[in-house]
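Down below is the structure, laid out as structure tokens.
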Amino acid sequence: MDYREYTINKIAEAAGLEKSIITATIEIPPEQKLGDLAFPCFVLAKVLRKAPPVIAKELAEKFSADEHIAKAEAVGGYLNFFYNREDFTKNVINEVNTKKGDFGKSDIGSGKTVLVEFSSPNIAKPFHIGHLFSTAVGNSLERIYRQLGYDTVKINHLGDWGTQFGKLICAYKKWGDKEAIEKNPINELLKIYVKFHEEAEKNPELEDEAREYFKKLENGDKEETELWQHFRDLSLVEFKRVYDMLGVSFDSYAGESFYTDKMSEIVDILREKNLLVESDGAQVVDLSELNVPPCIILKSDGATIYATRDIAAALYRHRTYNFYKNIYVVGTPQALHFKQIFAVMKKAGWDWADDCVHVGFGLVKFPDKKLSTRHGDVVFLEDVLKESVQKTYDIIAENSPEMENKQEVAQKIGIGAILYTFLKNSREKDIVFSWDSMLDFEGESAPYVQYSYARGKSILRRSGECDFDGADFSAVTSDDEYALVSQLNEFGTAVADAADKNEPFYVNRYVTNLARLFNKFYNSCPILKENVAPEVKKARLAIVSATCEVIHSALGLLGIETVESM
Ligand code: ARG
């Protein structure tokens, strides 16, 4: 039962209006006492040549209560609708408890493919905090689209190609310590890469040597290719450890190197369409009509670059997946890059360039000096994740020394706390990375939401009840109960909004509010106390069960796991 639809139909009938006008303007009132839905009659003032309050009043008079809507009330220019609380509660709670994990799913995406490219670290370099931001947002977006019925593909566009690998090979041949690299690959590779830059300042010929090595790599020479492959394999092992901790996986690791043999076609296409012009020896696409610097396609030495590889990747993805949307979750500093490549694609006549979307995000700030990545003292992300788990473990050990599976719980909460932090605000906002607020069990945090879930589960366990069929909801319609049930009903809307704006924080804010309303309900509505009538107890337990289902699903969309007790 869709109450919103039902109400919209009713208004359309009463006012003799197109449904679409009402759908576009109907809103949720800011306060519970103003009802469940409000129709602003201002939109009709012009057509009907009447003042909005008069229209609201006239419309209100046309309504009589029915089984779903208890009353329609005119307040100023608004027509406010109040659902029949018992009927609404029964419908929502039964629907959640029947559909369980499927509640809130939709099929609007059926038959359409959405690609979500995220994470995309660079091999032989540390996985940095920006990559973690991308990983959190992309992983969540993919789940959100899947919830809406889209076919999704998770792509890791690894940074595994480019002239820097000539430098790395050169450095390796001069100073590489094989054993040390096996033991601690990224650290060691980074070390020799930094050394290369220091040495090259004194001895610029090294740069030429590195260029030679890259050329050999591009030609597929055996030794260079094997070294590069080795660096890539070692890096992937490290990255996968991080992904495992986060519970993240990919459908494709087609990174930059995957497109090396697909770039000459791009150059040919652009040349054929007369889009390439020479500039300082390089081949570029002029984008001055967009007030954007030209996009370099071939450098003066004839080598392709990052942008060329991205254009090749986009064409490949179009051909392979025929995508509905191709989403790039990459930091906002690369906004210009994406603007350029999308513009080039558009100029090449590829209409589907309009379906490519750059989803940017802000910077991460560390008030905690220890975490700063500047001055060469690189923070390894794995250490940050481990630290979060350890800190969580310490909190649990102090608060619940008797808990048996502390490690497992600490893992889920510690990782959840980090993911939540990245998904808490609109993604373009900068993030302040603070342990205190991240692990504040009473604040706006993953542990707070996870705790609410565990509390609900504990009530259900203690009650021994799991069958809520035929529950009688007539006595559970207080404001706190009703606010919680209304929020449960909004799950689908939060997910749709998140996909619409590519903003997982809609789901995050939703589930945080849900947890807050649940705790309010828990404090004001006794459930297992002796003096609670059996039918009230059963109805409240049904609400608890539904709440747990939805918290679990919503956290799942953020990539955050739940724990049964904590
Ligand atoms: N590897 C790049 C970096 O670390 C991010 C790649 C973004 N994706 C893309 N298709 N360009 O900055």
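Each value in this text was obtained by applying a stated rule to the coordinates, not by laboratory testing. Since this is a predicted model, take the numbers as computed values, not measurements. Every residue, glycine among them, receives a Cβ derived from its backbone with ideal geometry; neighbour counts consider all protein chains shown.
Summary table
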read-out	value
Average silhouette area of segment 461-536, convex hull of alpha-carbon atoms, in square nanometres	6.1
Qualifying lysines (Cα of each under 21 Å from Cα of K529; at least 8 residues distant if same chain)	K457, K520, K537, K538
Lys pairs, segment 207-339 - Cα-Cα below 23 angstrom, 8 or more residues apart or on other chains	13
5 angstrom amide H check on L298, placed H, neighbours 5+ away	Q283
Simple label model, 7 Å out from Cα along Cβ direction - R49 to K202, nm	9.1
Computed E for N274/L363 - FRET, C-beta separation, R0 41 angstrom, nearest 0.05	0.55
Protection proxy ranking, peptides 482-493, 271-282, average beta carbon neighbours within 10 Å, highest first	482-493, 271-282
Residue among G111, C548, Q164 farthest towards the positive dipole end of the chain, charges placed on Cβ	C548
The chain - Kirkwood radius from inverse mean 1/r over Cα pairs (Å)	27.0
Bridge type composition, the chain - antiparallel percent by DSSP, nearest 5	55
Environment charge of K325, counting only residues whose C-beta is closer than 12 Å and scoring Lys/Arg +1, Asp/Glu -1	-4
Rounded to 10°, Cα long-axis angle of helix 3-15 versus longest principal axis of the chain	60
Rounded tilt (10° steps) of 164-175 against the dominant C-alpha axis of the chain	60
Inter-probe distance in nm under a simple model that places probes 7 Å from Cα toward Cβ, at D286 and E442	6.6
Lys, Arg +1 and Asp, Glu -1 on Cβ, resulting dipole of the chain about Cα centre, debye, nearest 20	800
Mean Cβ count within 10 Å, highest first, over the residues of peptides 506-514, 421-429	506-514, 421-429
Mean-position separation - Cα centroids, segment 162-214 and segment 445-484, in angstrom	59
Most positive-pole-ward Cα, S452, F505, G492, against dipole of segment 446-566 from beta carbon charges	S452
R0 of 25 Å, Cβ-Cβ distance T225-K195: FRET efficiency to nearest 0.05	0.60
Label point at S426 placed 7 Å out along Cα→Cβ; residues across segment 2-32 whose backbone nitrogen lies under 18 Å	none
Helix axis angle, 222-246 relative to the chain longest principal axis, alpha carbon, degrees	20
Size of electric dipole in segment 242-351: Cβ of Lys, Arg +1 and of Asp, Glu -1, about Cα centre, debye, nearest 20	300
Rg over Rh, two decimals, segment 152-248 (C-alpha only, Kirkwood Rh)	1.02
Lysine pair count for segment 1-144 [Cα-Cα under 19 Å; pairs on different chains or 8 or more apart]	15
Electrostatic dipole magnitude of segment 516-566 [Cβ: Lys, Arg +1; Asp, Glu -1; Cα centre; debye, to 20]	260
Cβ crowding within 10 Å averaged over residues, with 539-549, 357-367, 301-311 ranked highest first	539-549, 301-311, 357-367
